[in-house]
Amino acid sequence: MRAGAGLALTLVVAGALLVVPTAGAQNEVPADPGDLRVEAGVAPGTGAGDPRPGEAFADPKVADLQRTATDVQAELGELAGRVEAAEAELGTATAQLQHATAERLEAEAQLNAIRGEADQFAKSVFTSLGRPDNVRLLFSATNASDLLNGKSMVDHLRAGQDARLGSALDRQRRAVEAEGVAAGAEKTAAERKTELDSRTGDAANRADAVSSELRGPIDAANAAVVEQQKAQRDRNSQTASNWKAYTDRLAAAGIKPPTAAALADPARLPAGLRPLMGSGGPQAGVAESSVDGQRILVLPKETIDAVTAGIGALGKPYVPKDGGGGPVAYSCDGLVRSVFSGAGLPLPAAASEQMAAGKPVPLADAQPGDLVFVGPAKYGVQSVGVVLDGRTMLAADARLAGVVVADLPAGDSVLGVARPALGQRPAVEVPQRGENELTWRCGGVEVPPAAPGTDQAAGAWGGFPNGLIPAGALCPIGIGAHVLRCDAAQTFAALSEAFAGTFGRPLCVTDSYRTFAGQVDLYRRKPALAAVPGTSNHGWGLAVDMCGGVQSFGTPEYGWLAANARSFGWVNPGWAQPGRGREEPWHWEFAGR
């Protein structure tokens, strides 16, 4: 979000700042519900890759972890596709062999039946006459007609038996040959499947090794996050104290903040106030006064109310995409719109619209409560913050995953400054994202949304890779030791509370955030069912697996969630519902409100 190094040192998320109510004890459930309840966390046939470049991560070392994990994911993903194809080929070959074997057995049964019929017929018809050969007919015939008729009958019987036996023998021979070919094809397919399974095992071993290698850096990153969280809390607290000291000073001096309208014209200010000089002369929308011989900045009441509300949101979690208007979680533009609109200075929804309609002031004249718009221009207006002083701003930051006090951007990262107290202007053109540039929003890369109609979690967020999110960047849901992304955790706690109001017990959870190591372990044990490590929505802290009745379609518990969970931002994604490819009633994802 900024150009300097200071913000990287303030890496923080709201994990330690968000308090989630503790739910009552739930029934003991196994950590792994079994084969039937293991899921990938992504729609069948898809992957949840992370296309973000290294600079999207909060720390360069984290970006290195991402690249290492991505190499393993790519290999496992490629092998998973080939194993699936090999399994299909083996299944086809096995079915063909079974069909060929059945045909061979049927041919043998037919051959044996014909042989038996021939033997029985000959025995029953000619018992008294003996074998009806041509010599016997020659001596027994009374005339030429009898001789010819008898010989014709013998030849006919013999030819019919020979034809039936020959046909049956030919069918049996063809069936044996087909069975041999099918057996060979099955053997080849089985060998190919075994080879791929072996390679998958080797790749899983490498994933284990990567997971082991990452454990140390992840622990170090987590410790750094915890330490930086403390530093950020201290910075947030100091900022809040400074702001309170400012408002207390105004009150002690008997200065009642005037309205924005009263400060709009620096030539006609309320009594006791004088214009605040700027780079181009007196500034509109602000003023100054003197207290005990010292100058004091006077801001409009609406601006003071907005900044105070923003200070009150410090530590709240960041939420990507829509739904960032609080009060649970915020996006950068959602925070700005919420606090200023609540203070009586309505603003558009998106950062680009806020800049387009905002009345600009020079960067050198920026005052507390002004809005600073962040680029660089090739990314368009990708973020917005509230100026606090000449060094800092208040912002909901994607990489830091929360509302924080951060350093003001510098250089070409600053696109402009606007003063909400001056009202709005007719919208003008503002920088737009380049055609081939990634989509940045609120300081982080925003990955493409899920396909329309899938109604599932968005995937990548924040400054860490899938499954490599430090514990300090996540929040408890109030059930066991389960944690999720902070906005998801808080809404899930509220959902569980509402569920308890109906059923007298909180929601039952078997799985939530799944670490990279946990995904590797699950993939090793159940490669046909689990996702490739580093792709599951569990690895983003955006998915849960549930029990206590929810795990079955048609139960009252599932029906209640189906009717009510969406209003809390939770969905049983389309691909997990009946008839959609893989039925998983127990799997629910946070899709946002």
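Quote the FRET efficiency, to the nearest 0.05, computed for R391 versus V181 with a Förster distance R0 of 56 Å and r equal to the Cβ-Cβ distance. Approximately 0.10, to the nearest 0.05.
How large a share of the accessible area of region 465-593, in percent, is made up of carbon and sulfur atoms when the probe is 1.4 Å and the other protein chains stay in place? Can you show the working numbers first?
Numbers: 2130 of 3910 Å².
Here it works out to 55 percent.
Note on F503: accessible area is roughly 50 Å² with a 1.4 Å probe, heavy atoms of protein only.
Accessible surface of T303, taken over heavy atoms with a 1.4 Å probe and every protein chain present, rounds to 10 Å².
Computed extension gain for K256 through A231, at 0.36 nm per residue and net of the alpha carbon distance, reaches 5.6 nm. Indicate the gyration tensor shape class of region 298-430 (rounded, prolate or oblate), computed on the Cα atoms with a ≥ b ≥ c the square roots of the eigenvalues: a/c under 1.5 is rounded; otherwise a/b larger than b/c is prolate and the rest oblate. Because its axes are fairly even, with a/c under 1.5, region 298-430 counts as rounded.
Can you work out the FRET efficiency for the pair A223 and V428, with r the C-beta to C-beta distance and R0 = 35 Å, to the nearest 0.05? The computed FRET efficiency comes out at 0.15. When the Cα gyration tensor is reduced to axis lengths a ≥ b ≥ c, the ratio a/c is 1.5 or higher for region 376-436, and with a/b not above b/c it is classed as oblate.
If you sort S198, S383 by accessible surface, 1.4 Å probe, largest first, the order is S198, S383. Net charge dipole, region 509-593: roughly 180 debye, given to the nearest 20, about the Cα centre with Cβ charges of +1 for Lys and Arg and -1 for Asp and Glu.
Ligands, DNA and RNA aside, L422 has an accessible area near 40 Å² when probed at 1.4 Å. The stretch between W560 and Q238, if pulled fully straight at 0.36 nm per residue, gains 111.4 nm over its current Cα-Cα span.
What does the convex hull of the Cα atoms come to per residue for region 491-562, in Å³? Intermediate results must be reported in sequence, preceding the final value.
Values: hull volume 6.9 nm³, N = 72.
Looking at region 491-562, the number lands at 96 Å³ per residue.
When +1 charges are put on Lys and Arg Cβ atoms and -1 charges on Asp and Glu Cβ atoms, the dipole computed for region 396-527 relative to its Cα centre reaches about 380 debye. In the context of the full set of protein chains, region 292-420 has a per residue accessible area of 32 Å² (1.4 Å probe).
Using only Cα atoms, locate the centre of region 238-255 and the centre of region 545-577, then give the distance between them in Å, rounded to an integer. Using only Cα atoms, the two centres lie 49 Å from each other.
For region 271-378, the relative contact order works out to 18 percent when only alpha carbon pairs closer than 8 Å and six or more residues apart are counted. Cα extents for region 417-519 along the principal axes, largest to smallest and rounded to whole angstrom: 55, 36, 32.
Using just the alpha carbons, could you tell me how many Å³ per residue the convex hull of region 470-593 encloses? If you can, show how the numbers build up before the last one.
On the way: hull volume 12.7 nm³, N = 124.
Cα convex hull per residue, to the nearest whole number: 102 Å³.
Does region 296-371 come out rounded, prolate or oblate by the C-alpha gyration tensor, with a ≥ b ≥ c the root eigenvalues, rounded set by a/c under 1.5 and, if not, prolate when a/b is larger than b/c and oblate if not? Could you put the intermediate results ahead of the total?
Values: a/c = 1.93, a/b = 1.34, b/c = 1.44.
Because a/c hits 1.5 or more and a/b fails to exceed b/c, region 296-371 counts as oblate.
Provide the gained length on full extension for the span N205 to E353, in nm with one decimal, where the gain is 0.36 nm per separating residue minus the Cα-Cα distance. Intermediate results must be reported in sequence, preceding the final value.
On the way: separation 148, 0.36 × 148 = 53.28 nm, distance 5.02 nm.
Using 0.36 nm per residue and subtracting the Cα-Cα distance, I get 48.3 nm.
The values are calculated or read from the model by the stated rules, or taken from the named source; none is laboratory data. Here the structure is a predicted model, which means the values were calculated and not measured. In this analysis, Cβ positions are derived from the backbone assuming ideal geometry, glycine residues included, and neighbour counts consider all displayed protein chains. Ligands, DNA and RNA are excluded from the accessible area calculation, which covers all protein heavy atoms including side chains. Shrake-Rupley method; radii C 1.70, N 1.55, O 1.52, S 1.80 Å.
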